[in-house]
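Q: First the structure, which I've put down as C-alpha cells, then a few questions once you've had a look.
The values are calculated or read from the model by the stated rules, or taken from the named source; none is laboratory data. In this text the structure is predicted, and so the values were computed from the model without any measurement. Here the Cβ is made from the backbone with ideal geometry for all residues, glycine too, and neighbour counts use every protein chain on show. Please note that ligands, DNA and RNA were not included when accessible areas were found on the heavy atoms of the full protein model with its side chains. Shrake-Rupley method; radii C 1.70, N 1.55, O 1.52, S 1.80 Å.
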Amino acid sequence: MNIVHREDQQQREHVLLSPDAAFSDETEGRAQSAQPDFLRTEYQRDRDKILHSKSFRRLSHKTQVFLAAEGDHFRTRLTHTLEVAQIARTIARALGLNEDLTEAISLGHDLGHTPFGHTGEAALAACLARHRGIDPASAQAAAQYRHNEQSLRVVERIENGGRGLNLTAEVRDGILHHTGPVRADTFEGRIVATADRIAYVNHDIDDAIRAGLLTEAALPESTRRVLGPDHSSRIELLVRNMVETSAAADDIMLSAPVWDAMNELRSFLFANVYTAPQVLVEVQKAKCLVAQLFDYYVANIGEVPEEYRAISGGDDLQAVTDYIAGMTDRFATATFNHLFVPRDFMR
C-alpha cells in the first residue's frame, strides 16, 4: 500500500474535478494561519473539526419538527444534517465539484439551531426583540435571531472555549448562506442550500405520515405527477433533475417545474403539518419554556456559564442567547423543571 498525502489529494482534485470546483489548495484560508495537515486537505480538516465539535453532538437531541415525538424513527436535527450531507455529496460528486467542501458545509449548516427546532428560533427572536424594545410581532423582530447567523457564530466564536474552529472562508460562507436571499460564493455552498430544502421537505412528509398527520395519497396530485408517488421517487427525481439542470445551466438549480412542485409541497406542509393543531399545542409550550428561561437568565446573568459571558463582549443578551441556543430539547426542559417546577410535582 502507498500513503496518499495531502499534496497527492490536491493534485487529484485538479485532475478529476470540474474547473468550476473549489480546489482545496486555492482556499482563501483561515482567520488564523495553521500548518497544513500531513494527510488531509483543508476542507477535510474542516469537516473533521465540525464532526468532533460539541455543537455537532448536541444536534442528536434537538428537534427537527415534531416536539416530544414518541418513537425512535422521527428525525432529529442530527439525522436531518446527515441526510442533507448525503444528498449534497451525491450532487457534488455527479457535477465534479468538491465533495469534501460540500460535506463540511452540510455538517455545519445547522449548528446554530435552537432547542425545539424553528419554534425555538422564533421564540428566541421574540425574546430578543422584547428586551430590545422591538415589537415581537414585527418583521424586525424575526431578524433578531437567525439560525444561520448563529451557526457562523458557533464556528467562529463559541466552539473550542471561545476560540472557534478556525474554518476556511469557503466553509464559513456556505454555512452562513445556506438559507436567506444571498447565495453562497461557491457552487458547493449553493448545492447545500438546495439539498437542505430537498431533505427537509421529503423527510418531514415521511415523519408526518409516521405521526398519522398525512398519507401519501393526501399530497397534492400536481406534485405527485411531477415528483413521483413516494419518498424514494421524489428524492431520486430531485437529485437527478438538479444534476442535469445545473450541468446545462453552469449554475446550481432545479428546473422551473420541479422547483415549483417542491415549493408547492413545502407550502402544503406549512398548511397541513407545521401548523396542525397537534403540533401547535406543543409549539406554544416550547415558546413559553424558552421565554421563561430567557427572562430568568437575563435577570440572573451570573447563572449563565462563564464561557458564554466571557465571549459576549459585555452584552448580557448575547450571553443568554448563546447559552439557550446551544441547549438540547431535553436539557432545556430539565433546566426549566429545575428552575420552575416544585420537585414534589416531578415525581
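Q: From the set of residues in region 274-288 that are open to solvent by 40 Å² or more (accessible area, probe 1.4 Å) and of a type in the set (A, V, I, L, M), which is nearest to Asn202 (Cα to Cα)?
A: If we take residues in region 274-288 being open to solvent by 40 Å² or more (accessible area, probe 1.4 Å) and of a type in the set (A, V, I, L, M), then Leu280 is nearest to Asn202 (Cα to Cα).
Q: Another question, then. In region 216-236, what residues are part of a helix (DSSP H, G or I) and surrounded by fewer than 17 Cβ atoms within 10 Å (Cβ to Cβ)?
A: Glu216, Ala217, Ala218, Glu221, Ser222, Arg225, His231, Ser232, Ser233, Glu236, listed by residue number.
Q: Let me ask something additional. Being open to solvent by 50 Å² or more (accessible area, probe 1.4 Å) and touching a residue at least 40 places away in the same chain (Cβ under 8 Å) is the requirement here; does His80 meet it?
A: Taking the combined requirement at face value, the residue does not satisfy it.
Q: Pairs please, first residue from region 316-335 and open to solvent by less than 10 Å² (accessible area, probe 1.4 Å), second anywhere and not in a helix (DSSP H, G or I) and not β-branched (Val, Ile, Thr), Cβ atoms under 6 Å, 6+ apart in sequence or on different chains.
A: Listed by first residue and then by second, the contacts come to Ala319/Ser312; Met327/Pro115; Ala332/Pro115.
Q: Let me ask something else about it. Determine which member of the set Gly212, Gly228 is at pLDDT below 95 and of a type in the set (Gly, Ala, Ser).
A: Gly212
Q: Of all residues in region 156-188, count the ones that are over 13 Å from the mean Cα position of the chain (by Cα) and either open to solvent by less than 10 Å² (accessible area, probe 1.4 Å) or of a type in the set (A, V, I, L, M) (or both).
A: 10
Q: Separate question: If a residue must be assigned to a helix (DSSP H, G or I) and of a type in the set (S, T, N, Q), how many such residues does region 122-151 contain?
A: Qualifying residue count, region 122-151: 4.
Q: Hey, another quick one. Give me a count of the residues in region 1-34 that are basic (Lys, Arg) and more than 21 Å from Asp185 (Cβ to Cβ).
A: 2
Q: Within the group Thr114, Thr119, Thr79, which residue is of a type in the set (Val, Ile, Thr), touching a Leu at 6+ places or on another chain (Cβ under 9 Å) and outside any helix (DSSP H, G or I)?
A: Thr114
Q: Can I ask one more? Give me a count of the residues in region 1-52 that are closer than 18 Å to Ile175 by Cβ, of a type in the set (Gly, Ala, Ser) and open to solvent by 50 Å² or more (accessible area, probe 1.4 Å).
A: 1
Q: Further question on the same structure: Restricting to region 302-315, what's the tally of residues that are open to solvent by less than 40 Å² (accessible area, probe 1.4 Å) and either touching a strand residue (DSSP E or B) at 6+ places or on another chain (Cβ under 8 Å) or in a helix (DSSP H, G or I) (or both)?
A: Final tally of qualifying residues: 1.
Q: Pairs under 9 Å by beta carbon, first residue in contact (Cβ under 8 Å) with a residue 12 or more places away in the chain in region 45-60, partner among the aromatic types (Phe, Trp, Tyr) and assigned to a helix (DSSP H, G or I), six or more apart or different chains?
A: Close Cβ pairs (under 9 Å, with a partner that is among the aromatic types (Phe, Trp, Tyr) and assigned to a helix (DSSP H, G or I)) amount to Ile50/Phe56; Arg58/Phe331.
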